[in-house]
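Down below is the structure, laid out as structure tokens.
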Amino acid sequence: MSTEAISVTILMIEDDEGHARLIERNIRRAGVSNPIMPFTNGTAALEFLLGADGSGRDSAGRHLLILLDLNLPDMTGIEILEKVKNNPHTRRTPVVVLTTTDDSREIQRCYDLGANVYITKPVNYESFAHAIRQLGLFFSVMQVPETA
Amino acid sequence: MPISRSAFLRSTLMLMTVGLGALAVVVATTIWLVGRTQDYFETVVQLRQARGSIVELRSQLQDAETGQRGFLLTRQESYLAPYVRAKEVLPVQIEIVRQRLGGRDAPELGQLTDIIGRKLAEMDRTIELTRAGRPDEALAVVETDTGKQLMDQARALLASLVTNTETRLNQQVEDQNANAQALWWVVVLGAGIILVVTGLGVWAIGNYTRELAAARREVEELNLGLEQRVQERTVDLARANEEIQRFAYIVTHDLRAPLVNIMGFTSELETSLTPLRSYIEKLDPPPADPDFAEAKLAATEDLPEALSFIRSSTRKMDGLINAILKLSREGRRVLKPESVDLKGVVEASSNAIIHQVAAAEGEMTLDMKTGPIISDRMALEQIIGNLLDNAVKYRRKDVPLRIAVRTRRTEKQRVLIEIEDNGRGIANQDHERVFELFRRSGTQDQSGEGIGLAHVRTLVRTIGGEITLASQLGKGTTFSISLPQDMRKATGSIAA
């Protein structure tokens, strides 16, 4: 990532720890060294993003990139996406939806709600690893705005 | 209580019989009574005539006496004229009276005849004496009062005859009155019976008709309810079907997530194993540690073998999950009913395999006898494409391939598609099994996961049809697909 984006933190919301570990490994293999914060449930992730009061002021001034799985134990990723994109402090944060669902209506809905990228996890591991590495390369050139 | 059909027939038939019987009795009695009236009338006429002739007889008798008296007084023949006439007529008149009385009062009549005879004899004698110039003798005869007594007797007899006849006449009139009364009663009673019977009949018919109408209404209501129930069941079925599809979708998705981990970490393991293996192989000379030999064996043989088994199993599982996912996704796809030309679909699918057919020195014949149908184009293309692919895939290598596709209309707004091949066929016990998921039949010399026909059957059912097969091992197979002319009518809310 470019010098001014050094402080960008990748927020990974993924309930399957195995997937989380594989994603992290492959992002690292692409040469991305940004800190990665893993969350295994939606509640904890939302609390970090919007604060205990849900105002989102905690996120002010942060440089974040969210990697979001849609199938979470406590809520759907769509709910998180909606809250993030509707909050004035977090709405500019790029959200990459990375999930197993390839339902066209689901994809449409995510983009409608403001998702920046939607990626279906390939089942085949080689393709999966490849895709994540590509994503890592993409991250390394991507500009992330500071949250308001 | 409802009247049964046979009870109704029996009761109306009985009522009709009773009514007809009453009518017959009335008619017969009337005819008989009218005949009786006729008889009475004739008798009355006869009696009147008899009475008339009796009165006539009396006046003739009186005429005879009058003539006799006149002659005795005047001794002139001219006064004798009524007597002479009466004497001539009297026997005739008596005969007339006898005839008209017709055997009634015979003793009186006999007596009367006798008296008249004697009276005439007495009068003859007086007249003879007068003519003979012995008027005194004649008067003496008269003075004996014999003639007067005879005359009084005759009068009394005549009077009694008249009275008798009149009594008879009165009797006849009374009889006739009674007769008329009887006729009246018979008619009134008959009419009453007919009225009652007709009333009962009308009531029975009315009741029966009302019950019929009620029964019909009930049937109609039941029918309506039935349609509604069928509609409800169809909706329930569609919902259950949807539920199953969703379930399959969720299950496969949830199965997939751990599988990704297994495959991923297997890959990671392999990656980690590579440097380990090359390091162990590079150690020269190998350490004397006895554990080393074991570690080398593990790194170069056991671990790669285990990993390859894990890989092949996960690959297989991945294939199965994908198959289920494909089926459930097909079920979830929203159907688009549109006008589809079956001929076009079959020709397009045939063109896709034409090279393979030509390579097998085979030929295809199409016999399309249907116009467009309302159905889902994509489903039809997949069904026909899959079946044609199978026909090519499972052909017999030793004979030229023959594929025939026929379509025709059948009863009840349905269309039948038959796809026949001369391939290797399917054994009897597998006719149902081949439609099940992951099941295959015959020699396993072709690649495949056993989802083709399961997929086809799911598709056919989704668009409201049914698929069956007829096959003989080693001879060929014919798939018959029966489809609705308009899938919107057949699938109801399933397509909605």
Quick one: is B:Arg217 among the basic types (Lys, Arg) and surrounded by 11 or more Cβ atoms within 10 Å (Cβ to Cβ)? no
Determine whether B:Arg58 is part of a helix (DSSP H, G or I) and under 33 Å from the mean Cα position of the chain (by Cα). no
Can you confirm whether A:Leu70 is touching a helix residue (DSSP H, G or I) at 6+ places or on another chain (Cβ under 6 Å) and either closer than 30 Å to B:Arg315 by Cβ or among the polar types (S, T, N, Q) (or both)? yes
Might you let me know whether segment B:165-175 holds any residue that is within 28 Å of B:Ala50 (Cα to Cα), hydrophobic (A, V, I, L, M, F, W, C), more than 60 Å from the chain's Cα centre (by Cα) and surrounded by 12 or more Cβ atoms within 10 Å (Cβ to Cβ)? yes
Exactly one of B:Ala138, B:Ala214, B:Ala132, B:Ala182 is under 28 Å from B:Ala50 (Cβ atoms) and aliphatic (A, V, I, L, M), and that residue is B:Ala182
Within 14 Å of chain A (Cβ to nearest Cβ), assigned to a helix (DSSP H, G or I), buried (at least 16 other Cβ atoms within 10 Å of the Cβ) and not aromatic (Phe, Trp, Tyr): is that true of B:Ile310 in this structure? yes
Could you tell me which residue of segment A:111-124 is farthest from the other protein chains (Cβ to nearest Cβ), considering only residues that are in contact with an Asp or Glu (Cβ under 9 Å, 6 or more places away or on another chain) and under 20 Å from A:Asp16 (Cβ atoms)? A:Tyr118
Do any residues in segment B:255-278 that are facing chain A (nearest Cβ under 10 Å) and touching a residue at least 24 places away in the same chain (Cβ under 8 Å) have Cβ atoms under 7 Å from those of residues that are outside any helix (DSSP H, G or I) and polar (S, T, N, Q), where the two are at least six apart or on different chains, and which pairs are they? B:Arg256/A:Thr100
Which one of these is part of a helix (DSSP H, G or I), outside the structural domain of B:Ile373 (by TED's automatic domain parsing) and not small (Gly, Ala, Ser): B:Glu305, B:Glu347? B:Glu305
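Yes/no per residue for (1) over 30 Å from B:Ala323 (Cα atoms); (2) of a type in the set (Asp, Glu); (3) out of contact with any Leu (no Cβ under 9 Å at 6 or more places or on another chain):
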site	(1), (2), (3)
B:Trp203	yes, no, yes
B:Glu211	yes, yes, yes
B:Ala214	yes, no, yes
B:Arg217	yes, no, yes
B:Arg229	yes, no, yes
B:Glu232	yes, yes, yes
B:Val235	no, no, yes
B:Ala238	no, no, yes
Please go through (1) assigned to a loop (DSSP other than H, G, I, E, B); (2) more than 14 Å from every other protein chain (Cβ to nearest Cβ) for A:Asp15 and return the number of the only condition it doesn't satisfy. (2)
Looking at B:Glu65, is it exposed (fewer than 14 other Cβ atoms within 10 Å of the Cβ), assigned to a helix (DSSP H, G or I) and modelled with pLDDT under 90? no
All but one of (1) in contact (Cβ under 8 Å) with a residue 24 or more places away in the chain; (2) within 23 Å of B:Asp367 (Cβ to Cβ) hold for B:Val399, so report the exception by its number. (1)
Out of all the residues in segment A:132-148, which are crowded, with 17+ Cβ neighbours inside 10 Å and either charged (D, E, K, R) or within 14 Å of chain B (Cβ to nearest Cβ) (or both)? A:Ile132, A:Arg133
Can A:Arg29 be described as over 30 Å from B:Gly331 (Cβ atoms) and touching a helix residue (DSSP H, G or I) at 6+ places or on another chain (Cβ under 7 Å)? yes
Segment A:95-110, residues that are more than 10 Å from chain B (Cβ to nearest Cβ) and crowded, with 19+ Cβ neighbours inside 10 Å: A:Val95, A:Val96, A:Val97, A:Leu98, A:Cys110
Quick test of your reading of the structure: A:Val84 fulfils all but one of (1) within 21 Å of A:Met142 (Cβ to Cβ); (2) in a loop (DSSP other than H, G, I, E, B). Name the failing condition by number. (2)
Just to be sure, is B:Asp486 in the same structural domain as B:Met368 (by TED's automatic domain parsing) and farther than 30 Å from B:Val235 by Cβ? no
Considering only residues of segment A:18-71 that are under 13 Å from A:Asn87 (Cβ atoms) and in a strand (DSSP E or B), which is nearest to the other protein chains (Cβ to nearest Cβ)? A:Ile66
Output the residues belonging to segment B:227-254 that are among the hydroxyl-bearing types (Ser, Thr, Tyr) and either outside any helix (DSSP H, G or I) or within 12 Å of another protein chain (Cβ to nearest Cβ) (or both). B:Tyr249, B:Thr252
Which of (1) within 14 Å of chain A (Cβ to nearest Cβ); (2) at pLDDT 85 or above; (3) in contact with a Lys or Arg (Cβ under 7 Å, 6 or more places away or on another chain) is the odd one out, the single condition B:Ile321 does not satisfy? (2)
Any residue in segment B:199-211 that is more than 14 Å from every other protein chain (Cβ to nearest Cβ), modelled with pLDDT of 85 or more and farther than 25 Å from B:Leu23 by Cβ? yes
Could you check, for segment B:333-346, whether at least one of its residues is over 60 Å from the mean Cα position of the chain (by Cα) and either of a type outside the set (D, E, K, R) or modelled with pLDDT under 85 (or both)? no
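The values are calculated or read from the model by the stated rules, or taken from the named source; none is laboratory data. Being a predicted model, the structure only gives us computed values, none of them experimental. Positions of Cβ are generated from backbone atoms using ideal geometry, with glycine treated the same way; all protein chains shown enter the neighbour counts.
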